[in-house]
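Data block below; observations after.
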Amino acid sequence: MAHRPRSAMIAETRAKLIAAARHAFGTVGYTEASMDDFTAAAGLTRGALYHHFGDKKGLLEAVIMQIDAEMSERLCAVSAKAANRWQGFVDECTAYIEMALEPEIQRIVLRDGPAVLGDPWQWPNQSGCIASMTASLKRLAEEGTIVDVDPEAAARLISGATLHAAQWIANAAEPEAASKKAVEAVDALLEGLLAKDAKPAKAIDAALEPQPR
């Protein structure tokens with residue numbers, strides 16, 4: 001058998017630990033997840049966890065980064081299906097809020113994450129999220145779809161609103177009801193960005209539908 005590169009072995013070990021921890025964090029939560037249990041499930045030791053992630057907290061951060069990357073891919077797919085750039089932006093914001101209904105995202109990203117890692121605004125992935133949203137808003141302003149507003153300021157306000165909405169849903173007694181209210185409120189806020197001579201997203205969709213003869 002050919003000797004496996006060290007980089008491949010490291011990547012495999014990290015992947016096993018992240019997968020085992022993700023399952024444990026998603027089912028019983030961060031506090032109740034036993035390091036001995038999920039390292040054993042991965043066929044590894046605590047020493048491997050400490051070597052690759054520093055501690056249980058570092059492993060949680062790695063799990064959240066993995067989930068966040070998957071969420072980003074899903075959101076990009078949502079916006080890509082939209083009829084136009086504005087609708088894609090609205091759909092992406094809506095989809096992010098609705099993801100807060102998913103048990104794994106609720107528990108790991110929106111509840112345990114902030115409780116253990118602190119303010120989500122300080123997480124490494126936030127800068128990328130803001131940069132992406134800023135670029136989208138800049139293009140929408142340049143094409144005249146939205147009012148002339150500082151794109152980074154608007155991106156930070158929208159990101160803050162959607163993140164807070166997601167955390168509200170994740171901790172609500174009735175998540176489904178909270179999600180519906182949050183989506184309706186964010187849609188209203190976003191529509192306020194439209195330029196006076198720009199058609200609202202719903203009007204654009206209606207204009208694209210085949211008209212009866």
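Computed from the coordinates by the stated procedures, all read-outs in this text should not be read as laboratory data. These numbers come from a predicted model, not from an experiment.
Rounded to the nearest 500, what is the chain's calculated 222 nm mean residue ellipticity when only DSSP H runs of at least 4 contribute -39500 (n - 2.57) each, over all residues?
Counting only the DSSP helices, I get -22000 deg cm²/dmol.
Using θ = phi - 60° and the Karplus form 6.51 cos²θ - 1.76 cosθ + 1.60, what ³J(HN,Hα) does each residue of the stretch 118-135 get, whole Hz, x for Gly and Pro?
In residue order, the calculated couplings are x, 3, x, 5, 9, 6, x, 6, 5, 5, x, 4, 5, 4, 5, 5, 4, 4 Hz.
Can you list residues whose amide H is under 5 Å from ILE146's amide H, if they're 5+ apart or on another chain and H is modeled 1.01 Å from N?
Answer set, sorted by chain and number: ALA141, ALA195.
Remind me, relative contact order of the chain in percent, using alpha carbon pairs under 8 angstrom and six or more residues apart?
It comes to 18 percent, rounded to a whole number.
How far is the Cα center of the stretch 18-60 from the Cα center of the stretch 152-185, in Å?
One Cα centre to the other: 30 Å.
Could you tell me how many degrees, from 0 to 90 and to the nearest 10, lie between the Cα long axis of helix 6-27 and the main elongation axis, the longest principal axis, of the Cα atoms of the chain?
It works out to around 70 degrees.
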